[in-house]
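Enquirer: Handing you this structure, nothing more for now.
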Amino acid sequence: MFSVHSYVMTLVRIMLLICVGLPLVRYISCLVTRLCLQRFSKHSAQVCGKVIFYSGLAAVSVALLHECGFNVTALLGAAGIIGIAVGFASQTSVANIISGFFLLLERPFSLGDTIKTGDTVGIAESIDLLAIRVKTYDNRLVRIPNETVLKQPLINYTYYEHKRIDVLVAVPYDYSIVCAQEVILKVLKGQSLFLEFPQPSITMNKVASFDFDTQVRCFLSVRVWVASTDGSRASGALVFLLKEAFDVAHIPVAIMPII
């Protein structure tokens, strides 16, 4: 026979699980998130905190069901069977979830980095359960499945502090290469956008003509370093400034960024 004492003790355990267990799970989750923020990215810390929170919530829920008299073993067995069936029906989703954890562990990019995956270039906004979200430069949101990101090459344009910009300048064959180099150096030294260290370089690339033109030209490779945060605008700015400088010097040139 169910005694009053047993009923009271069960009620006390239920109250402890609700009033102490749930706040404790929340506190541990926040503590783990703060600790992870010291070593990992903000998104990784949030994921770790959520894993701890939902795992603790599941444990407290199972304990509550047990205290309420439910057959937890039978419920877990039924949940396992349902989980297997759902797993077979959603293999793609499971693959994306696993791939998402690999992306968090490897950390090939962080939130706010400029990345290229496939034909998509933009700023990484989030790594969700099934996909990453990328904001393109024309203000579109692109959702890419985690498995797709993991399988194909990924370029992180802002992973390192500095980025090199390469431009090919074609000057007339009969024009002084030394004078052309002086014009280019004057442009590079007059702009804070281009870094002094690592030092820029100007080297002879080849002597040839364009496919559509018979005029022989001297091709100079211009390599200059910029901050990674300026990488998206530096190439166009360099071409513009070189074109303006050579126009002032009355030197007909062709300028091509090397991507």
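The values are calculated or read from the model by the stated rules, or taken from the named source; none is laboratory data. All values reported here derive from a predicted model rather than from experimental measurement. Cβ placement follows ideal geometry from the backbone for every residue including glycine, while neighbour counts extend to all protein chains displayed.
Enquirer: Does any residue of segment 178-194 turn out to be touching a Ser or Thr at 6+ places or on another chain (Cβ under 7 Å) and assigned to a loop (DSSP other than H, G, I, E, B)?
Expert: Residues of segment 178-194 that are touching a Ser or Thr at 6+ places or on another chain (Cβ under 7 Å), as a first pass: none.
So far as segment 178-194 goes, no, none of its residues is touching a Ser or Thr at 6+ places or on another chain (Cβ under 7 Å) and assigned to a loop (DSSP other than H, G, I, E, B).
Enquirer: Something else now. Restricting to segment 168-227, name every residue that is among the acidic types (Asp, Glu) and either at pLDDT below 90 or surrounded by fewer than 12 Cβ atoms within 10 Å (Cβ to Cβ) (or both). So that I can check it myself, show each step before the final result.
Expert: We begin by selecting, within segment 168-227, every residue among the acidic types (Asp, Glu); these are 174, 182, 196, 211, 213.
Once the filter is applied, which keeps residues that are among the acidic types (Asp, Glu) and either at pLDDT below 90 or surrounded by fewer than 12 Cβ atoms within 10 Å (Cβ to Cβ) (or both), segment 168-227 yields Asp174, Glu196, Asp211, Asp213.
Enquirer: Still on this structure, I have one more. Taking segment 228-259 only, how many residues are at pLDDT 90 or above, crowded, with 16+ Cβ neighbours inside 10 Å, more than 11 Å from Val167 (Cβ to Cβ) and among the aliphatic types (A, V, I, L, M)?
Expert: Within segment 228-259, residues that are at pLDDT 90 or above, crowded, with 16+ Cβ neighbours inside 10 Å, more than 11 Å from Val167 (Cβ to Cβ) and among the aliphatic types (A, V, I, L, M) number 1.
Enquirer: A further question follows. Please enumerate the residues belonging to segment 114-135 that are touching a helix residue (DSSP H, G or I) at 6+ places or on another chain (Cβ under 9 Å) and assigned to a loop (DSSP other than H, G, I, E, B).
Expert: Gly118, Asp128, Leu129, Leu130
Enquirer: Mind listing whichever residues of segment 144-161 are surrounded by 13 or more Cβ atoms within 10 Å (Cβ to Cβ) and assigned to a strand (DSSP E or B)?
Expert: Ile144, Pro145, Leu154, Asn156
Enquirer: How many of the residues making up segment 213-259 are among the aromatic types (Phe, Trp, Tyr), free of Cβ contacts under 8 Å to residues at least 60 places away in the same chain and not in a strand (DSSP E or B)?
Expert: To start, the set of residues in segment 213-259 that are among the aromatic types (Phe, Trp, Tyr) comprises 219, 225, 240, 246.
Then drop every residue that is not free of Cβ contacts under 8 Å to residues at least 60 places away in the same chain, which leaves 219, 240.
Subsequent filtering for residues that are not in a strand (DSSP E or B) retains 240.
Total satisfying the criteria: 1.
Enquirer: Can I ask one more? Restricting to segment 136-166, name every residue that is within 30 Å of Met204 (Cβ to Cβ), touching a helix residue (DSSP H, G or I) at 6+ places or on another chain (Cβ under 9 Å) and β-branched (Val, Ile, Thr).
Expert: Ile165
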